[in-house]
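Read the structure below first, then the notes.
The values are calculated or read from the model by the stated rules, or taken from the named source; none is laboratory data. These numbers come from a predicted model, not from an experiment. Cβ: placed from backbone, ideal geometry, glycine included. Neighbour counts: every protein chain shown.
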Amino acid sequence: MDSEATRRTFLQGGTMAAAGLIAGAAPAGAQDAPAGGGHEGHGQAGGGPSERPAVGSARDRGKLVPGFRAAGLVPVPVEVPDGPPKLAWKMVNGAKEFHLFAEHLKREVLPDVWIDVWGYNGSMPGPMIEVVEGDKVRIIVHNKLPEPTIMHWHGIDVPNAMDGVEGLIQDPIKPGGTFTYEFTLEQNGTFFYHTHVAMQQGMGMVGLFIIHPKVAHFPPVDRDIALIIQEWAILPGSTIPNTMSMEFNLFTLNGRAAPYITPMVIKQGERVRIRLVNFSAIDHHPMHLHGITFWITGTEGGRIPDTAWIPSNNVLVAVAQARDVEFVAKNPGDWVFHCHMFHHMMNFMSTMVGPMGGHTVQGMRAGQSSTGGMGIATGGSALSSEAFGPSFGRSMGEQTSLDRAVGNMSGMPGMGSGSQGGMPGMPGMESASVGMRMEDARKVPGYPQGMADMAAEMSEEKLQKLTGKREARGLRRDWYTGVEGLMTVVRVLPPDLFDAITSGKGDVAPGASVPGAGASPIPAHGGHQGHPR
Ligand SMILES: [Cu+2]
């Protein structure tokens, strides 16, 4: 089948199906409408303008629909948002020779928030090794850490002596020492390298190892993007991950937490592959894409035959797994792509809005009773002065304080309508969300559900680091207030807007990339005007 024709038909069919949906849509607020209402008009046999491609067909949800690139070519290089350049190699004695240096470094996970990690060649995650099936590789690992380390090639079918398990296979690489790994690659897919020392993994010692086929898989993708998921316990007042913790308060993609993760800027109509690697200690991450159905096309075992692909918009990536997903970016807009675990959609998640008392300055209160230590409220609402946050157990209450208790989005207490910086319990203060007096709002069970967050205290300098990126041009002004934790943005842009944004030239109005929404309103709260577009 002619691929260009397929693509055209698919895009056209998609538009018409969307129009059909709008025509047949149920009215707003129709929660109690009879089942089946509002769904006629698409997907019916017999043709018609609103017909969707048949389930199981090549065009089904864009399954085998190429983007702009012709089939039969070499694969496109993999992009690693926020990652370092891929690892350079030299051809030496018939092998691509790489050098990896294991070392301590600092990583800026959020604007001006630096944590101490271990990685490779000055970066965490380490630089991507990107090679081609059939390559012979020689990777020399240098240990610049003060303790022994080792290297494992996750998912790659290496000879046993190259497998990198200390004791079982080889001696660990001593501090100051090196070890040479050498093997030939006889597979393709999304793999990764990592230390096999468990606690070192928790310090960040991982990197991508992408093996391309010699000819791109069909349908060819225009964009191939890789993301490593990690989780961290950065306890109050510390910059060093607590690798013993089994609770985590910071989640990163390629070593950055949202909203500092760089959005993916896609031209409408491109076929996109996103490769996900989960290098978390104990958590799976259900990665959910809004607005676009993708196909799950690969695992850490390589390519899945297309007969076994699964359509989804949520791919569960368990610990140590890789998942490749592919989609045709036909639906324009700014779409979040995020872990759907509630606690992973925040940074420095705290106990329930707990007035933790600014312990980042004063230190965590120790020696509490079990009631106080667990943060059990005995005196009224969650915002009462008696309700201290927990001092041990699940507490991670970084960034929380009495003065700025909550504010995960505009309209939460502590943010918006001039209430910023106010004390939530202050008599007469209004809740910005409903115009209710705070003492009345506090009577609503469960209120408030906001968590302290980074956005609430962003300085202009920090905002510049988020919004000053070329990839952020044309986003709504307050975009970062809804993009937190393990979350990034897939920006699907019509070609003219794509060109305007990626060129970096001229003005792009805030909100231009949200079709139909119009320009961003003037921000209601001060301090955010004038930040770059
Ligand atoms: Cu998660």
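Within the stretch 326-345, count every residue that is surrounded by 21 or more Cβ atoms within 10 Å (Cβ to Cβ) and within 16 Å of the ligand (Cβ to nearest atom).
5
So how many residues does the stretch 279-314 have that are assigned to a strand (DSSP E or B) and within 12 Å of the ligand (Cβ to nearest atom)?
Kept after step one, since they are assigned to a strand (DSSP E or B), are these residues of the stretch 279-314: 285-289, 294-299, 302-303, 310-312, 314.
So of that shortlist, the ones also within 12 Å of the ligand (Cβ to nearest atom) come out as 285-288, 314.
Adding up the residues that qualify gives 5.
Any idea which of (1) surrounded by fewer than 22 Cβ atoms within 10 Å (Cβ to Cβ); (2) more than 25 Å from Met458 (Cβ to Cβ) is the one Leu100 doesn't satisfy?
(1)
Would you confirm, using the coordinates I've provided, whether Leu208 is surrounded by 24 or more Cβ atoms within 10 Å (Cβ to Cβ), within 16 Å of the ligand (Cβ to nearest atom), of a type outside the set (Lys, Arg) and touching a residue at least 24 places away in the same chain (Cβ under 8 Å)?
Taking the combined requirement at face value, the residue does not satisfy it.
I'm checking my understanding of the structure. Among residues of the stretch 471-487 that are at pLDDT below 95 and in a helix (DSSP H, G or I), which one is farthest from Glu270 (Cα to Cα)?
Out of the qualifying residues, it is Thr481.
Which condition breaks for Val490 when tested against (1) crowded, with 16+ Cβ neighbours inside 10 Å; (2) aliphatic (A, V, I, L, M); (3) assigned to a loop (DSSP other than H, G, I, E, B)?
(3)
If His285 meets every condition in (1) under 30 Å from Gln464 (Cα atoms); (2) out of contact with any Cys (no Cβ under 7 Å at 6 or more places or on another chain); (3) not β-branched (Val, Ile, Thr) apart from one, which number is that one?
All conditions pass for His285, except number (2).
Here's a check for you: in the stretch 251-278, which residue that is within 16 Å of the ligand (Cβ to nearest atom), in a strand (DSSP E or B) and not aliphatic (A, V, I, L, M) is farthest from the chain's Cα centre (by Cα)?
Looking at the filtered set, the residue picked out is Asn278.
How many of the residues making up the stretch 467-521 are of a type in the set (Asp, Glu), farther than 20 Å from His338 by Cβ and touching a residue at least 24 places away in the same chain (Cβ under 8 Å)?
So the count comes out to 1.
When you go through Ile139, Ile156 one by one, which is the residue that is crowded, with 16+ Cβ neighbours inside 10 Å and assigned to a loop (DSSP other than H, G, I, E, B)?
Only one candidate passes the filter, namely Ile156.
Taking the stretch 215-235 only, how many residues are away from the ligand (no atom under 16 Å from the Cβ), closer than 26 Å to Gly269 by Cβ and not acidic (Asp, Glu)?
Looking only at that region, the number is 10.
So, Pro53, is that one in a loop (DSSP other than H, G, I, E, B) and within 30 Å of Phe348 (Cβ to Cβ) or not? I'd like the intermediate steps shown before the answer.
Working: in a loop (DSSP other than H, G, I, E, B): yes; within 30 Å of Phe348 (Cβ to Cβ): no.
Against the criterion (in a loop (DSSP other than H, G, I, E, B) and within 30 Å of Phe348 (Cβ to Cβ)), Pro53 does not qualify.
Would you pick out the residues in the stretch 154-199 that are touching a strand residue (DSSP E or B) at 6+ places or on another chain (Cβ under 6 Å) and acidic (Asp, Glu)?
Glu182
Only one of these is more than 17 Å from the chain's Cα centre (by Cα), of a type outside the set (S, T, N, Q), surrounded by fewer than 19 Cβ atoms within 10 Å (Cβ to Cβ) and within 16 Å of the ligand (Cβ to nearest atom): Met246, Met199. Name it.
Met246
Just to be sure I understand, how many residues within the stretch 302-317 are more than 24 Å from Phe279 (Cβ to Cβ) and buried (at least 17 other Cβ atoms within 10 Å of the Cβ)?
The total comes to 1.
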